[in-house]
Amino acid sequence: MKVSHYFEWEEYITGGHAQSVDNQRKIMARRGIEYTPKPTLEADLLHLNNMGPKSIYWAKKAQRADVPVLVHTHQTAEDFRESFAFSNVLAKPMRPYLEYAYSLADHLICPSEYNRRVIEEYADAPKTVVSNGFDPEKVEGYDDDDLRQTYLDRYDLEPPVIFNVGHVIKRKGLQSFVETARAMPDLDFVWFGYLNPAGGELDRFLKSKDTKRLVESAPDNCQFTGYVEDIEGAFAAGDVFFWPSKNENEGIALLEAMSCGKPLVIRDIPTYEWLDDGTHCLKAGGDVSDFAGKLDRFRDPDLREEVGANAAEKSEEFELDAVGDDLVAVYHDLV
């Protein structure tokens, strides 16, 4: 089997979307499936990961050539809102565009059951839920005491550290993160990750005014590190993973935090129905006092250890070796 595994605008996209594509390619490599990152009909299957205009062109071309088209539903209009400058304006026309783009697929892969329910309203194509998964090797050094101390010293952090990992955008609960930190001045809050969706030179253009305002007005106990090369250091330094995101298709950073045995405080949104409140995490309704109350409970190291251990056990279901069988099964069914 040969797969044309195309990720349009690959050089510009970072974060969980890019990580998911990387995970898919690791799965294929480990299972001996030949693939090319270029769009081509000299393959048994065309797998598209970002439905830009070039991907639409190749999907239509594949249809005419009887090459099966598989599309990953990474994007929704709902998930796009509150991400970067102009995203709320663009989300409206994005909906019909994605409805058309997803309708070109012979099969759709949805990263979560919640995403599948949303995509049901976009397209009628058959759908299979396959987690983005995570590679445990990426964070296996998180429990190194020297690495933890290095990161604690570098950012002047005092445990227990409340942390987040990922792009700094409003949709991911930026305001809740900042205001909860303001309400708990005796705890250190740190957000590891890009200060915009694309990173690098595009910072000033893509970062919305609200994002800039929230970051610049953050209290002294709340800091934003920007991009960190060694992500293991973030998971080494953090003690409680605070994930107040308003909308997620899945959330790879959350899976990684779970695998590191970090207890979670998350916003109670439909995406995380599979996480049991009080067992794998603590769920909050969304206001600052609720978030602060849940974080306050994790001052207890015994509770942190108990919930973190449950989260780590649950995360094993999402390791690449576990989800890889599901992805490869879809490939074989289509081919």
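The values are calculated or read from the model by the stated rules, or taken from the named source; none is laboratory data. Remember, it's a predicted structure, so these values are computed and weren't measured experimentally. In this analysis, Cβ positions are derived from the backbone assuming ideal geometry, glycine residues included, and neighbour counts consider all displayed protein chains.
Values for this structure:
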item: Residue in region 103-126 that is modelled with pLDDT under 95 and of a type in the set (A, V, I, L, M, F, W, C) present; result: no
item: Count of region 305-335 residues which are small (Gly, Ala, Ser) and within 19 Å of the chain's Cα centre (by Cα); result: 5
item: Among residues of region 1-36, those that are over 27 Å from residue 195 (Cα atoms), out of contact with any Gly (no Cβ under 6 Å at 6 or more places or on another chain) and of a type in the set (A, V, I, L, M), counted; result: 5
item: Condition check for residue 164: assigned to a loop (DSSP other than H, G, I, E, B) and either at pLDDT 95 or above or touching a Pro at 6+ places or on another chain (Cβ under 8 Å) (or both); result: no
item: Search result, residues across region 167-194 that are part of a strand (DSSP E or B) and at pLDDT below 95; result: 193
item: Breaking point among (1) surrounded by fewer than 19 Cβ atoms within 10 Å (Cβ to Cβ); (2) out of contact with any strand residue (DSSP E or B) (no Cβ under 7 Å at 6 or more places or on another chain), for residue 131; result: (1)
item: Every residue from region 232-287 that is touching a Pro at 6+ places or on another chain (Cβ under 8 Å) and either outside the structural domain of residue 309 (by TED's automatic domain parsing) or farther than 22 Å from residue 180 by Cα (or both); result: 249, 250, 259
item: Breaking point among (1) in a loop (DSSP other than H, G, I, E, B); (2) more than 30 Å from residue 304 (Cβ to Cβ), for residue 141; result: (2)
